[in-house]
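Inspection log for the structure reproduced underneath, given as structure tokens.
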Amino acid sequence: MAKLKWSFSNSRLFKKCQRQWFYKNHFQKWQAKEGTPEREAYVLSTLQSISAWRGQIVDQTISRNVINGLNKMEQPTLLKSLNYAKYLYDIQLEYALEHNAKQPGMSKSQAGNSFAAFYKIEYEGHMPKEEYEKAWIEIEEALTNFYKMESLKDLLKLANQRIPQRSLIFDYSDTNVIAMPDLICFYDNQSPLIVDWKVHAFGVKDYRLQLALYAIALKRCKPHSDFPKLLSSYEDKDVSLLEVQLLTNQQREYTLSMDDIIQTQNYMTESITQMQLAGSENPKKTVPDDYSTTNYPEACLICPYRKLCWEVTCQN
Ligand code: SF4
């Protein structure tokens, strides 16, 4: 196996189901021959829940329309953002409803903006109209809430650099740690700000650990060429962190202590060690069956690889 790649979302997935983690990170191959399990795993890896899709459209609209607009000194209006979101919603929904992800040779990167595939369609055969109509109503609601957040908009305008969806990579315990915050803002006279958009109906979960990891990644990654020199004068605990719940209209600021940084590092070390120890002793011969299945049966109901996994499990 190649050098281990670790991210917060992958650590959560590994905790939930080691075998699902293996399918996603080491088994699926887009370039594999049609009809092979590796190719099938790639196609399955592209499946999304409707709620994840809804959140992705909101993220893409804020990043591409609002943030990039502000970077070009434009004033992106709510109407313009809603029109852009509706454009993404329409082309992606059409792509998914026409089952285009099942076409031989499908490549997610080639499909670009149009790509969407839902596991409800794969596993239940159809997507009820009321579910995707509800998703649009929630996209509208999330973007409208965003435009009403005056203090947040002021923070964004005040920044002299706003960088959406930038990947931050650093080496830790012989592993590539990867983090991609939704937005990084740099200022002349204050510490950097990391913002994470959430489009969840309840928004009760605490994201301190995930945001702490972003702060650590910002400080430890090889700085991108457009990062300001001033970044080196701040410590990871100085980075301001903001979780923005766009559906419930809440914002949570996190202030990090040295304890938070240590706890986050401990979490990473423990998770990386578990991943390194899992599977077979010969990484080149590792197969999905070498990884344990989930202890949470409900996880299988929303697992994109169910088809493959249950085939393997039933053959044994
Ligand atoms: S179907 Fe269940 S056990 Fe199999 S990979 Fe998915 S979550 Fe894990």
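Every test in (1) crowded, with 18+ Cβ neighbours inside 10 Å; (2) assigned to a loop (DSSP other than H, G, I, E, B) is passed by Leu143 save one, and that test is (2). Mind checking whether some residue in the stretch 179-191 is in contact with a Pro (Cβ under 8 Å, 6 or more places away or on another chain) and closer than 28 Å to Tyr305 by Cβ? The answer is yes; a qualifying residue exists. If you go through the stretch 146-174 and keep only what is part of a loop (DSSP other than H, G, I, E, B) and over 13 Å from Leu246 (Cα atoms), you end up with Ala159, Asn160, Gln165, Arg166, Ser167, Ser173, Asp174.
Listed by first and then second residue, the pairs with beta-carbon distance under 7 Å, at least 6 apart or on different chains, first residue in the stretch 198-220 and part of a helix (DSSP H, G or I), second aromatic (Phe, Trp, Tyr), are Arg208/Tyr254; Leu209/Tyr267; Gln210/Phe8; Leu211/Tyr254; Leu213/Phe8; Ala217/Phe170; Arg220/Phe170. Scanning the stretch 280-304 for residues that are in a loop (DSSP other than H, G, I, E, B), modelled with pLDDT under 90 and exposed (fewer than 10 other Cβ atoms within 10 Å of the Cβ) returns Glu281, Asn282. Annotation note: Cβ proximity below 8 Å between a residue of the stretch 286-298 that is of a type in the set (Phe, Trp, Tyr) and a residue that is within 9 Å of the ligand (Cβ to nearest atom) (sequence gap 6+ or interchain) occurs for Tyr291/Gln18; Tyr291/Arg19; Tyr291/Trp21; Tyr291/Phe22; Tyr296/Lys16; Tyr296/Cys17.
Annotation note: Cβ proximity below 6 Å between a residue of the stretch 122-133 that is in contact (Cβ under 8 Å) with a residue 12 or more places away in the chain and a residue that is not aliphatic (A, V, I, L, M) (sequence gap 6+ or interchain) occurs for Met127/Phe118; Met127/Lys120. Only a single item in (1) of a type outside the set (A, V, I, L, M); (2) more than 9 Å from the ligand (Cβ to nearest atom); (3) at pLDDT below 95; (4) surrounded by 13 or more Cβ atoms within 10 Å (Cβ to Cβ) is not met by Ser271, and it is number (3).
For the stretch 100-116, filtered to residues that are surrounded by 12 or more Cβ atoms within 10 Å (Cβ to Cβ) and among the hydroxyl-bearing types (Ser, Thr, Tyr), the residue that is farthest from Tyr87 (Cα to Cα) is Ser107.
The values are calculated or read from the model by the stated rules, or taken from the named source; none is laboratory data. The structure presented is a predicted model; accordingly, all values stated were derived computationally and were not measured. Cβ: placed from backbone, ideal geometry, glycine included. Neighbour counts: every protein chain shown.
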